[in-house]
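The values are calculated or read from the model by the stated rules, or taken from the named source; none is laboratory data. Here the structure is a predicted model, which means the values were calculated and not measured. No Cβ is skipped: glycine too gets one built from the backbone with ideal geometry, and neighbour counts run over all protein chains shown.
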């Protein structure tokens with residue numbers, strides 16, 4: 001999806017619902033999952049520092065697009081985990097993963113002319129799984145649904 | 001651009017529509033080059049400046065015969081950029097509110113409830129859950 005708001009709201013909804021069962025899921029940890037939902041879009045760094053500029057400096061092929069895959073996201077999460085105190089690393093790693101996976105899955109459902117999604121599991125496999133094509137990246141519906149779902153879980157979870 | 005390597009193959013291409021007769025898009029290659037492609041056999045109507053995504057066959061002369069295709073608003077639209085910017089601010093504010101830098105080893109730690117001023121009822125919420 002094009003906007004980070006939808007991705008952040010999806011992660012928020014997942015973590016708020018999980019907090020009904022897991023008492024340790026405080027708002028601080030919900031924030032971690034929301035930050036995790038931004039992780040795959042680190043690939044947008046290409047707008048500031050184009051992939052081909054980096055590639056021209058390296059002896060190997062290079063594409064920031066790899067950050068928007070399972071492998072690239074795993075590495076980004078490990079960097080995030082290293083930034084927090086040792087006692088928090090397991091929970092933070094888990095919640096960054098929840099957010100990031102929700103982002104990759106939501107994008108894997110995007111409509112494509114080929115009927116195929118992107119190589120979401122790279123570098124394990126270059127397979128492009130079929131996509132149900134539920135929405136276009138520019139459809140407003142996913143955002144509307146995410147906002148409504150977030151308001152409902154916020155209302156249910158509040159005091 | 002090594003367009004000829006894809007001749008006769010099925011390709012997925014996309015880019016901004018710069019002409020509609022014939023339909024022409026400017027696509028960016030994986031190596032960062034820009035290439036003008038003519039799209040034929042497309043059944044959906046197109047308008048300039050929208051982005052066209054096409055799945056089709058690569059033909060000689062930088063022409064792609066469309067199997068399926070549709071247009072979308074430019075992904076870097078003002079709306080998407082604005083909404084994403086505010087989402088970033090929102091999550092950043094949450095991080096600052098819920099986490100702090102521990103100066104002894106420069107790592108992030110959750111703000112403990114004793115030093116954390118409850119706002120919007122979230123502090124009380126936490127206390128309730130801890131009971």
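Okay, here's what the table says:
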item	result
Only listed residue being under 20 Å from the mean Cα position of the chain (by Cα), facing another protein chain (nearest Cβ under 8 Å) and more than 30 Å from residue A:85 (Cα to Cα), chosen from B:78, B:83	B:83
Candidates A:22, A:29, filtered to the one that is within 10 Å of another protein chain (Cβ to nearest Cβ), surrounded by fewer than 20 Cβ atoms within 10 Å (Cβ to Cβ) and either modelled with pLDDT of 95 or more or touching a strand residue (DSSP E or B) at 6+ places or on another chain (Cβ under 7 Å) (or both)	A:22
Scope the stretch B:97-110; condition more than 7 Å from chain A (Cβ to nearest Cβ) and over 10 Å from residue A:31 (Cα atoms); matching residues	B:100, B:101, B:103, B:104, B:105, B:106
Pick from the stretch B:1-16, criterion within 13 Å of chain A (Cβ to nearest Cβ) and assigned to a loop (DSSP other than H, G, I, E, B), ranking: farthest from the chain's Cα centre (by Cα)	B:9
Flag if residue A:35 is farther than 23 Å from residue B:31 by Cβ and either under 11 Å from the mean Cα position of the chain (by Cα) or surrounded by fewer than 17 Cβ atoms within 10 Å (Cβ to Cβ) (or both)	yes
Residue match in the stretch B:58-70 (condition: modelled with pLDDT under 85, more than 10 Å from chain A (Cβ to nearest Cβ) and closer than 30 Å to residue A:113 by Cα)	no
Filter result (surrounded by fewer than 17 Cβ atoms within 10 Å (Cβ to Cβ), more than 22 Å from residue A:67 (Cβ to Cβ), within 12 Å of chain B (Cβ to nearest Cβ) and without any contact (Cβ under 8 Å) to a residue 24 or more places away in the chain) within the stretch A:112-138	A:115
Candidates A:13, A:92 - the one that is over 12 Å from the mean Cα position of the chain (by Cα), within 18 Å of residue B:95 (Cβ to Cβ) and touching a residue at least 24 places away in the same chain (Cβ under 8 Å)	A:92
Test for residue B:50: is it touching a helix residue (DSSP H, G or I) at 6+ places or on another chain (Cβ under 6 Å), within 12 Å of chain A (Cβ to nearest Cβ) and surrounded by 13 or more Cβ atoms within 10 Å (Cβ to Cβ)	no
Residue match in the stretch A:40-60 (condition: within 24 Å of residue A:108 (Cα to Cα) and touching a residue at least 60 places away in the same chain (Cβ under 8 Å))	yes
Qualifying residue in the stretch A:98-106 (condition: away from chain B (no Cβ under 13 Å) and over 24 Å from residue A:16 (Cα atoms))	no
Whichever residue in the stretch A:70-89 is free of Cβ contacts under 8 Å to residues at least 12 places away in the same chain, more than 9 Å from chain B (Cβ to nearest Cβ) and under 14 Å from residue B:107 (Cβ atoms) and, among such residues, is surrounded by the fewest Cβ atoms within 10 Å (Cβ to Cβ)	A:79
Test result for residue B:60, within 30 Å of residue A:142 (Cα to Cα), surrounded by fewer than 17 Cβ atoms within 10 Å (Cβ to Cβ) and in contact (Cβ under 8 Å) with a residue 12 or more places away in the chain	no
